[in-house]
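Read through the structure below, which is laid out as structure tokens, and then see the notes.
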Amino acid sequence: MSEIRLFVTTTEKQAEAVLDRLSEVFGEEDFAIGTTEVDEKRDVWEASIYMMRVDEEGVNERLTEALADGFAHLAITREVLPDIDWIAKSLEGLAPVRAGRFVVHGSHDRDKVRTGEIAIEIEAGQAFGTGHHGTTAGCLEVLATVARTRTVRNVLDLGTGSGVLAIAAWKLLHVPVLATDIDPIATRVAEENARRNGVVTGMTFATAPGFHSTAFSGNGPFDLIIANILARPLMKMAPQLTANLAPGGSVILSGILAEQRWKVLAHYNGQHLRHVRTIWRNGWVTIHLEK
């Protein structure tokens, strides 16, 4: 089934404003949104929302309504994206990724795991998070640090994607881990990846679009919460995320562009969390906070 991109073309400032509007309307749903620079010199940007063809009619109507107030002059353009497994294609020939004690690799690189490393085998698939992205690698690095310096009795991996961070936490800490995602496909893939890595007990998987799910109350509060999502939803969920964090607990946040870090920190400082460390990888940051 083809994926559709609906987008408007405008300036950087207005593209950000459109993105904020799309976040308000679609932020809790399983539609990817974002902005892209097209021409730096002419200040041409695109603000986009992605969906499967079956969802296009409904999304188009809601998008038109969302843009009616303040952005009605922007024409909505439609693009049909080719049916290509871009994740698999992007990983062709990539070497294993090492972060802290962890090495994330495909099945073809099992022989490259070194003595003492914690190996996590993840194939290119339907869910985000293979270790090659700076946000995933950054979370693995901070996770290793937290394990050395804090007592952790249980873990929440919020927005688990491929499950790589949840699997890493279990292999390193051997404590109960709850892995959640808003996408049921991601939840299924994460569970399959856990089994592939020999994790058959101690991990719970749940499809949960928000903190109202009983999965959180039934397994929390958590000594460690890992949330590798995006800056805007991280800021929005700051009060609920903090409420599910045990006293003295740690938070690892990522999916944050370097220029967004101050806004994210402000939201969590407002929840009385203490900033411990920020690390940079390929233009993205990972933030470690404590309650």
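Points to keep in mind about this one:
- With the simple model of a label 7 Å out from the Cα in the direction of the Cβ, LEU74 to THR36 spans 1.5 nm.
- Between 0 and 90°, nearest 10: helix 184-196 axis offset from the chain longest Cα axis: 30 degrees
- Once C-alpha pairs closer than 8 Å and six or more residues apart are averaged by separation and normalised to the residue number of region 8-84, the relative contact order reads 35 percent.
- Protection proxy ranking of 243-253, 60-70, 279-289 - average other beta-carbon atoms within 10 Å, highest first: 243-253, 279-289, 60-70
- For the chain, the 222 nm mean residue ellipticity estimated from helices alone, with every DSSP H stretch of n ≥ 4 adding -39500 (n - 2.57) and the total spread over all residues, rounds to -10000 deg cm²/dmol.
- Sorted peptide list for 169-176, 19-26, criterion being average Cβ within 10 angstrom, highest first: 169-176, 19-26
- When the listed pairs LYS171/LYS263; LYS13/LYS263; LYS236/LYS291; LYS112/LYS171; LYS13/LYS291 are checked against a 28 Å cut-off, the alpha-carbon distance exceeds it for LYS171/LYS263; LYS13/LYS291.
- Probing with 1.4 Å while keeping every protein chain in the model, the per residue accessible area of the chain equals 49 Å².
- Angle in degrees between helix 12-26 and the longest Cα principal axis of the chain, rounded to the nearest 10: 70 degrees
- Where the Cα pairs of region 150-291 fall when distances are cut into 10 Å bins, in %: 12, 45, 36, 7, 0
- Degrees between helix 56-67 axis and first principal axis of the chain (Cα, 0 to 90, nearest 10): 70 degrees
- The gain in end-to-end length when the TRP280 to THR64 segment is fully stretched comes to 74.0 nm, 0.36 nm per residue minus the alpha carbon separation.
- Label selected from (1) 32, 23, 18; (2) 41, 31, 17; (3) 27, 24, 18, the criterion being semi-axes √(5λ) of the Cα gyration tensor in Å as computed here: (1)
- Accessible surface of the chain [probe 1.4 Å, protein heavy atoms]: carbon and sulfur percent: 52 percent
- A straight line joining the Cα centroids of region 1-63 and region 128-201 runs 29 Å.
- At R0 = 22 Å, FRET efficiency that the Cβ-Cβ distance of SER213 and MET52 yields, to 0.05: 0.35
- Its relative contact order, with pairs defined as Cα atoms under 8 Å and 6+ residues apart, puts the chain at 14 percent.
The values are calculated or read from the model by the stated rules, or taken from the named source; none is laboratory data. Remember, predicted model here, so these are calculated numbers, not experimental data. Positions of Cβ are backbone-derived with ideal geometry, glycine not excepted, and every protein chain shown enters the neighbour counts. Protein only, heavy atoms only, side chains kept; ligands, DNA and RNA dropped before computing areas. Shrake-Rupley method; radii C 1.70, N 1.55, O 1.52, S 1.80 Å.
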